[in-house]
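The values are calculated or read from the model by the stated rules, or taken from the named source; none is laboratory data. This one's a predicted model, so the numbers in the text were calculated from it and none came from an experiment. Neighbour counts run over all protein chains shown; Cβ positions are idealised from the backbone, glycine included. When the accessible area is computed, the model is the full protein with side chains, heavy atoms only, and any ligands, DNA or RNA have been set aside. Shrake-Rupley method; radii C 1.70, N 1.55, O 1.52, S 1.80 Å.
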Amino acid sequence: MMNLIIVKIGGNAIHSLTPDFFEQLKTWRQAGKKVLLIHGGGPQISQLAEKLSIPTVKKNGIRVTDEATLSLTKMVLLGNAQPELLTRLNQAGLAAVGLNAADEHLLSGNFINKDEYGNVGQISAVNEIALSKLLTDQIGVLAPLALTSEDSWLNVNADTAAADIARLLKASQLYLLTDVPGVLRGGEVVSQLIPQDVQTLINKKVITAGMQPKLLAACAAIHAGVHSVRITDRLTHHGTILQEVVSEP
């Protein structure tokens, strides 16, 4: 999709978005860019699960999602995180619409391994025609949930969902907002990376478990034609940029 910028925002980050975040969104919209925000809600899901005495089980970093956890996840993403983000956008004077997989079947998905992880999936298709129309005059705020061909709901990791959607739509840019300023090596931000370097840094334990899913998802997006992926704590910070070819300094 031409001129599409995708930004993934973690559940905790929604509370700490700064004025420059909204100003950057305005700048993109004024330049004719289409903007899609993919929001998470992991910490809030864990907190509510604890309050409701629903066990949180993770395998290989993936939240095992039984029916109770799936209902709770939908409740948090669609009833808490998304309305809060929409409110912040509205207060900043930005037109935005809340979206989920059931809106014109925007996101289709498949189970990763139902026996192992329950109702956890990955994005397999995006209704590009419907989404493009929705993003013409407003910012989209989309939850990382998908529907199977049998209309079963799937919980999808937000970083992976953002990268898969960017890949499927051939987005021009993907931003993965996190709580650190970028990929760190020796306490310093690595300003640029190419996908070929990522596995080396993982093997050397420069890239730790928390950052690995983001980088692997970013690499998949780059290989599929996304021009660049930026991992940063703020849209206005350089962070770490992943590109297929790194420019000479």
(message) Quick check on the stretch 179-194: of everything there that is in a strand (DSSP E or B) and over 25 Å from G11 (Cα atoms), which residue is least open to solvent (accessible area, probe 1.4 Å)?
(response) L193
(request) Find the residue count for the stretch 39-51, including only residues that are touching a helix residue (DSSP H, G or I) at 6+ places or on another chain (Cβ under 8 Å) and open to solvent by 40 Å² or more (accessible area, probe 1.4 Å). (result) 2
(request) From the list R185, R234, pick out the single residue that is charged (D, E, K, R) and closer than 17 Å to I6 by Cβ. (result) R234
(request) Kindly provide the set of residues from the stretch 148-178 that are over 24 Å from T232 (Cα atoms) and open to solvent by 10 Å² or more (accessible area, probe 1.4 Å), ordered by number. (result) S149, E150, D151, S152, W153, N155
(message) Pairs needed: first member in the stretch 126-139, free of Cβ contacts under 8 Å to residues at least 12 places away in the same chain and over 21 Å from V156 (Cα atoms); second member anywhere, open to solvent by 10 Å² or more (accessible area, probe 1.4 Å) and not hydrophobic (A, V, I, L, M, F, W, C); C-beta distance under 9 Å; at least 6 residues apart or different chains.
(response) I129/E104
(request) Inspect the stretch 195-208 for any residue being in contact (Cβ under 8 Å) with a residue 60 or more places away in the chain and either surrounded by 14 or more Cβ atoms within 10 Å (Cβ to Cβ) or not in a loop (DSSP other than H, G, I, E, B) (or both) and give the result as yes or no. (result) no
(message) Kindly evaluate V226 against the criterion of being aliphatic (A, V, I, L, M), more than 27 Å from Y117 (Cα to Cα) and open to solvent by 40 Å² or more (accessible area, probe 1.4 Å).
(response) no
(request) Taking L70 as meeting all but one of (1) out of contact with any helix residue (DSSP H, G or I) (no Cβ under 7 Å at 6 or more places or on another chain); (2) closer than 23 Å to M211 by Cβ; (3) not β-branched (V, I, T), write down the number of the exception. (result) (2)
(message) Here are the criteria: (1) open to solvent by less than 20 Å² (accessible area, probe 1.4 Å); (2) in contact with a helix residue (DSSP H, G or I) (Cβ under 7 Å, 6 or more places away or on another chain). Tell me which single one M1 does not satisfy.
(response) (1)
(request) Starting from residues that are at pLDDT below 95 and open to solvent by less than 30 Å² (accessible area, probe 1.4 Å), keep the ones in the stretch 14-38 and report whichever is nearest to L106 (Cα to Cα). (result) I14
(request) Would you mind stating whether E128 is within 22 Å of M1 (Cβ to Cβ), modelled with pLDDT under 95 and surrounded by fewer than 21 Cβ atoms within 10 Å (Cβ to Cβ)? (result) no
(request) Starting from residues that are out of contact with any Asp or Glu (no Cβ under 9 Å at 6 or more places or on another chain) and outside any helix (DSSP H, G or I), keep the ones in the stretch 110-131 and report whichever is nearest to S71 (Cα to Cα). (result) V120
(message) Which residue is surrounded by the fewest Cβ atoms within 10 Å (Cβ to Cβ), if the candidates are limited to the stretch 229-249 and must be at pLDDT below 85 and charged (D, E, K, R)?
(response) E248
(message) Step by step: first the residues of the stretch 92-107, then only those that are among the small types (G, A, S) and over 19 Å from V120 (Cβ atoms), then the one that is surrounded by the fewest Cβ atoms within 10 Å (Cβ to Cβ). Which residue is that?
(response) G93
(message) Looking for something in a helix (DSSP H, G or I) and at pLDDT 95 or above - is there at least one such residue anywhere in the stretch 137-149?
(response) no
